[in-house]
Amino acid sequence: MTWRRPKIGVVRFPGSNRDADAMRAVELCGGEAVPVWHESEDLLGVTGVLIPGGFSYGDYLRAGAMAAHSPVMKAVRKHAEAGGPVLGICNGLQILLEAGLLPGAMLPNRSLRFIHKEVFLRVERDDTPLLGKLRCGQVLRLPIAHKEGNWFAPPEVFQEVERQRLIALRYCSAEGEVAEAYNPNGALAAVAGLTNREGNVLGMMPHPECRVDPFLGEPFGKPFIAALVEVS
Amino acid sequence: MKRWDDGAELADALDHGLSPQEWERLLTALGRTPNLTELGIFAALWSEHCSYKSSRVHLTNLPTSGPRVVQGPGENAGAVDIGEGWVAVFKVESHNHPSFIEPYQGAATGVGGILRDVFTMGARPVMLLDSLRFGELSLPRMRYLVDGVVRGIGDYGNCVGVPTLGGEVDFDPAYNGNILVNAMCVGVARKDKLFFARAQGAGNRVIYLGSKTGRDGIHGATMASDTFDETAEQKRPTVQVGDPFTEKLLIEACLELMEKGLVVAIQDMGAAGLTSSAFEMAARGGCGLELDLSRVPVRAEGMTPYELMLSESQERMLLVARPQDVQEIFAICHRWGLDACDIGEVVEGREVVAYWKGELAFRLPVAPLVDAAPRYERPFQLPPSPSAVTLPSFSGRNFSEDLRRLLASPHLGSKRAVYQQYDQTVGAATLAGPGGEAALVLVPGTRIGLAATTDCNAFACSLDPYAGAAQAVVEALRNLACVGAEPVGVTDCLNFGSPENPQVMGQFVAAVQGLGDACRALGVPVVSGNVSFYNETSGQAILPTPTVGMVGVVPWVLHRPRFTLRDGDLVALLGPVVGQLNGSRYLQLVWDIKAGVIPHPDYQGEKTAAELVRSLVRLGLVAARDISDGGLAVILAEMCDEIGVRVSIPGDVSPASFLFGEWGPRYLLAFPERFQEAVAAAAEGVPFLIVGRAEGDALVVVHDDEELIWLSLVELAHLREQGLRFLEET
């Protein structure tokens, strides 16, 4: 048996701008980052997928709306349905919502402005492969950088989300208290990250990829990227 | 109304902003009467904005060479060696006039333009900074302008994916009719992979790349070379519209084309669009161009050669390539979803010839347009030397209240409401962003730290443009020192009123001298820059605002710099114990005294102190902030984040000068007690005094056992957010 690094496909749309950062983070966590172009109809043999942040197709129409219908997303859907791990960050989460791989939708931030801010996050699930390196109740600190991160779901959808425990991360205080004062964008139930029922798809608004290298700040992003690499 | 190919006459020249003398000069240079399109081209290239006709004779006084300089002024941006085969490519540019007319698009396209100047050189942009000046916030329109400019900068930079990591925001009634938006971009490139705007090789193709050409921005360059009156609003159609998504595609496509060796020369279509890119590339390359304007992609029906040549539609590039590479270039551009087409070729001789629908549109010699543009030695009157003000009596003064007023002002409060709208972490290389002293990023794949700052105290420049400009340079030096960086180059954005006013011209001349003298004294070359004149409305000029953008290097970053106190830190004052109150923000903002002498920098003292601070920061021993706007008390407040501080003023010292004095190589250092010996030993030979300790939950200053200032952390945080709170009330 030969040693190999897991191949993680980093999807590149026109307008992706955290793709290079995501690739470096994957490499730092021991994976082999493979750029996958949006027009590609197959995933080039990767075993895990990362959809990075940015403004795919310039966020025209709605953030993530056009990317959700790109050729590569057909392949990502097939990969996810077969149980393959998928991590979507920021615009990546918006795309996963638009593609129906995660529940709910994104609205513009309550302030209607772009917000870049260090936020605290409370881990709500630790029993899925992509959250396996975290503990429930643990408080993390990561930056958010978005204009449309106000997650919303109609009551019947939200009930299902709660019943199936799909909320992965919530905005909170440094002490882990969830309250409106610590909700930066108005997201319903302070949702900052979501998983699917099977646990192989995770989407999050905060940016773990820029907090993997401890040199750039406390490496609270590492558990997310490292988990993706390990389970792929 | 005249057609594009009708002959022009004096009245048309005047309409285009040329003087009667310039019209005569044009006729002599050309040896015939131009048609309207040719006149438009002359007027654009001879505008103040493109030709620097009033400033050029003075700009020659700036030092532009040095061992690190790879490219000085004259290209799209300057480039300096930062080690390990890398160069930093940077420039600052103004977008003042458009931003006043249409703040969102004006500011956004300012960012777009400066990004293109940098990636055109083959450099990947790694950070943006913005130096902004606004008028009184009590004017409703001014709040709209601040909001629009900040959104425009944010939406453009955020989408393109370049972090905005620094800059300044300040306010003065002198900007009520002319706001300033100066955008700076810093990029990195391999030293042997720089690209230039020099058209070369007869037979090579001229490729148009990017957005289609529309009617937006026609006359942008001439508009930016004129003053405003009450009809400024009517100039809205001359403002361009930005599309950051296309810009992002352009960056990736251009860098890929360059990486693959497919580019001979490249230039963005900025001010004066196709006109300036074509003529400047031909001028620098010493060749001619033959263009077919019918092939330019258009987004509007029936555009004439006049409009095609003068449109300032954004996100467009012109490049020169070998004929055999054209198909590959098209394939790459197509993959990025960009329009690219072949619109002409490089030819022998020194003429630009353009055809349209098979007929000759114009034939113009390059030399008189670019090289022989008018140069003026405008009459100037140097500003009078300011006289010192008599200081008021400070006995019994409530300094807590004074500090409250300073912190609650938009001038000296937190700028968080602004920079929170800017992406600061994209690129995953940010070591220090806004809210600190200077921006610091890692050059990708290395441990080289690249730092940048913009500085200008325009209030000081209004009192003494020479000393004010020189002080801006040393302040930039101090800011870089606080992140451990050594300066390697300067870019400047010189914002002034009308050069036709001898007093304004005098301010300009003095400021350029101050800038040049300071850069020479510190051994830092000026490698790029921009002059923005005619920032005046109905005869009211702005404060002289020579913005200094300084770039520095940390050869090998060991520690991420910090700027706030930690529990138990000792706080030391490095440099003179007191500052001068003359020309201070304290006298200006609290006492309404807008006069005083601005001292000339003590260059030797500044160099020594900066070198010391730089090494302490590099070793991770101290958190450092320099004492500038607002004085020590304001800087101390900025350092209080999670923990309070207690500072004692030495008994024999005037509290006001200690707390609010400015100027000179003064820094506040904070460090754990265990480093005290090391820091004190390193500081030998430089005035160094431990003044306090980080503790408790308030900022406390005592003098002779008397508590002069007591402000709780909660109140401090609240006060510092006051000034720009309106930005968060939608």
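Here A:LEU112 fulfils each of the conditions (1) within 14 Å of chain B (Cβ to nearest Cβ); (2) touching a strand residue (DSSP E or B) at 6+ places or on another chain (Cβ under 6 Å); (3) surrounded by fewer than 18 Cβ atoms within 10 Å (Cβ to Cβ) apart from (2). I'd like to check something: does segment A:121-140 contain any residue that is surrounded by fewer than 19 Cβ atoms within 10 Å (Cβ to Cβ), within 19 Å of A:PHE220 (Cβ to Cβ), among the hydrophobic types (A, V, I, L, M, F, W, C) and touching a residue at least 12 places away in the same chain (Cβ under 8 Å)? Yes, segment A:121-140 contains at least one residue that is surrounded by fewer than 19 Cβ atoms within 10 Å (Cβ to Cβ), within 19 Å of A:PHE220 (Cβ to Cβ), among the hydrophobic types (A, V, I, L, M, F, W, C) and touching a residue at least 12 places away in the same chain (Cβ under 8 Å). Looking only at residues in segment B:238-265 that are hydrophobic (A, V, I, L, M, F, W, C) and more than 13 Å from B:LEU319 (Cβ to Cβ), the one that is farthest from the other protein chains (Cβ to nearest Cβ) is B:VAL239. Criterion applied to B:ALA428, B:ALA467 was being within 14 Å of chain A (Cβ to nearest Cβ), crowded, with 24+ Cβ neighbours inside 10 Å and in contact with a helix residue (DSSP H, G or I) (Cβ under 8 Å, 6 or more places away or on another chain), and the one residue passing it is B:ALA428. Within segment A:129-150, restricting attention to residues that are out of contact with any helix residue (DSSP H, G or I) (no Cβ under 9 Å at 6 or more places or on another chain) and in a strand (DSSP E or B), the residue that is nearest to A:LEU166 (Cα to Cα) is A:VAL139.
Quick one: is B:LEU515 under 16 Å from the mean Cα position of the chain (by Cα) and not aromatic (Phe, Trp, Tyr)? Reasoning before the result, please.
On the way: under 16 Å from the mean Cα position of the chain (by Cα): yes; not aromatic (Phe, Trp, Tyr): yes.
Judged against the criteria, B:LEU515 is a match.
Working only within segment B:28-68, note down all residues that are outside any helix (DSSP H, G or I) and under 22 Å from B:GLY523 (Cα atoms). The answer is B:THR60, B:ASN61, B:LEU62, B:PRO63, B:THR64, B:SER65, B:GLY66, B:PRO67, B:ARG68. Residues that are of a type outside the set (Lys, Arg), under 28 Å from the mean Cα position of the chain (by Cα) and surrounded by 16 or more Cβ atoms within 10 Å (Cβ to Cβ) are absent from segment B:389-405 altogether. Only one of the listed residues (A:ALA105, A:ALA75, A:ALA80) is touching a residue at least 24 places away in the same chain (Cβ under 8 Å), in contact with a Lys or Arg (Cβ under 9 Å, 6 or more places away or on another chain) and either away from every other protein chain (no Cβ under 14 Å) or among the basic types (Lys, Arg) (or both). That residue is A:ALA105.
Per-residue answers, yes or no, for (1) buried (at least 19 other Cβ atoms within 10 Å of the Cβ); (2) aromatic (Phe, Trp, Tyr); (3) without any contact (Cβ under 8 Å) to a residue 40 or more places away in the chain:
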site: B:CYS341; (1), (2), (3): no, no, no
site: B:GLY349; (1), (2), (3): no, no, no
site: B:TRP356; (1), (2), (3): yes, yes, no
site: B:GLU359; (1), (2), (3): no, no, yes
site: B:PHE362; (1), (2), (3): yes, yes, no
site: B:ALA367; (1), (2), (3): no, no, no
site: B:ALA372; (1), (2), (3): no, no, no
site: B:ARG378; (1), (2), (3): yes, no, no
site: B:SER385; (1), (2), (3): no, no, no
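Set side by side, the residues B:ILE179, B:ILE114, B:ILE153 differ, and just one is crowded, with 24+ Cβ neighbours inside 10 Å, within 14 Å of another protein chain (Cβ to nearest Cβ) and closer than 27 Å to B:PHE459 by Cα, which is B:ILE153.
Taking segment B:645-671 as the range and being farther than 15 Å from B:ASN582 by Cα, of a type in the set (Gly, Ala, Ser) and surrounded by 21 or more Cβ atoms within 10 Å (Cβ to Cβ) as the test, only B:ALA670 passes. Evaluation of A:VAL34 against the conditions (1) more than 17 Å from A:HIS69 (Cα to Cα); (2) within 14 Å of chain B (Cβ to nearest Cβ); (3) surrounded by fewer than 22 Cβ atoms within 10 Å (Cβ to Cβ); (4) not hydroxyl-bearing (Ser, Thr, Tyr) shows that the sole unmet condition is (2).
Looking across segment B:676-730 at every residue that is part of a strand (DSSP E or B) and among the aromatic types (Phe, Trp, Tyr), the one that is nearest to the other protein chains (Cβ to nearest Cβ) is identified as B:TRP710.
Pairing each residue of segment B:402-423 that is more than 10 Å from chain A (Cβ to nearest Cβ) with any residue that is of a type in the set (Asp, Glu) and part of a helix (DSSP H, G or I), provided the two are 6+ apart or on different chains, yields C-beta distances under 6 Å for B:SER414/B:GLU721.
If you go through segment B:331-347, how many residues are outside any helix (DSSP H, G or I) and away from every other protein chain (no Cβ under 13 Å)? Going through segment B:331-347 one residue at a time, the tally reaches 9. Given the condition farther than 30 Å from B:ALA428 by Cα, assigned to a helix (DSSP H, G or I), hydroxyl-bearing (Ser, Thr, Tyr) and over 19 Å from the mean Cα position of the chain (by Cα), answer yes or no: does some residue in segment B:165-176 qualify? Among the residues of segment B:165-176, not one is farther than 30 Å from B:ALA428 by Cα, assigned to a helix (DSSP H, G or I), hydroxyl-bearing (Ser, Thr, Tyr) and over 19 Å from the mean Cα position of the chain (by Cα), which makes the answer no. For segment B:286-327, the set of residues classified as without any contact (Cβ under 8 Å) to a residue 12 or more places away in the chain and either in a helix (DSSP H, G or I) or in contact with a strand residue (DSSP E or B) (Cβ under 7 Å, 6 or more places away or on another chain) (or both) consists of B:GLN324, B:GLN327, listed by residue number. When segment B:31-43 is limited to residues that are crowded, with 24+ Cβ neighbours inside 10 Å and either at pLDDT below 90 or not aliphatic (A, V, I, L, M) (or both), the one that is farthest from B:TYR355 (Cα to Cα) turns out to be B:PHE42. Among the conditions (1) within 31 Å of the chain's Cα centre (by Cα); (2) at pLDDT below 90, B:ARG316 misses just one, which is (2). Selection of segment A:188-223 for residues being aliphatic (A, V, I, L, M), surrounded by fewer than 22 Cβ atoms within 10 Å (Cβ to Cβ) and on the phi < 0 side of the Ramachandran plot yields A:LEU188, A:LEU216. Within segment B:464-507, the set of residues being hydroxyl-bearing (Ser, Thr, Tyr), within 22 Å of B:PRO525 (Cα to Cα) and not in a strand (DSSP E or B) comprises just one member, B:TYR466. Scan segment B:432-444 and give yes if some residue there is surrounded by fewer than 19 Cβ atoms within 10 Å (Cβ to Cβ), at pLDDT 95 or above and either more than 30 Å from B:SER54 (Cβ to Cβ) or within 14 Å of chain A (Cβ to nearest Cβ) (or both), otherwise no. No, the conditions are met nowhere in segment B:432-444. Scanning segment B:254-278 for residues that are part of a helix (DSSP H, G or I) and surrounded by fewer than 24 Cβ atoms within 10 Å (Cβ to Cβ) yields a count of 4. Within segment A:146-168, is there a residue that is out of contact with any strand residue (DSSP E or B) (no Cβ under 8 Å at 6 or more places or on another chain) and buried (at least 18 other Cβ atoms within 10 Å of the Cβ)? There is at least one residue in segment A:146-168 that is out of contact with any strand residue (DSSP E or B) (no Cβ under 8 Å at 6 or more places or on another chain) and buried (at least 18 other Cβ atoms within 10 Å of the Cβ).
Examine segment B:107-124 for a residue that is closer than 19 Å to B:ALA253 by Cα and of a type in the set (Lys, Arg), and state whether such a residue exists. There is at least one residue in segment B:107-124 that is closer than 19 Å to B:ALA253 by Cα and of a type in the set (Lys, Arg).
The values are calculated or read from the model by the stated rules, or taken from the named source; none is laboratory data. What you are looking at is a predicted structure, and each value in this text was computed from that prediction instead of being measured. Backbone-built Cβ (ideal geometry, glycine too); neighbour counts: all protein chains shown.
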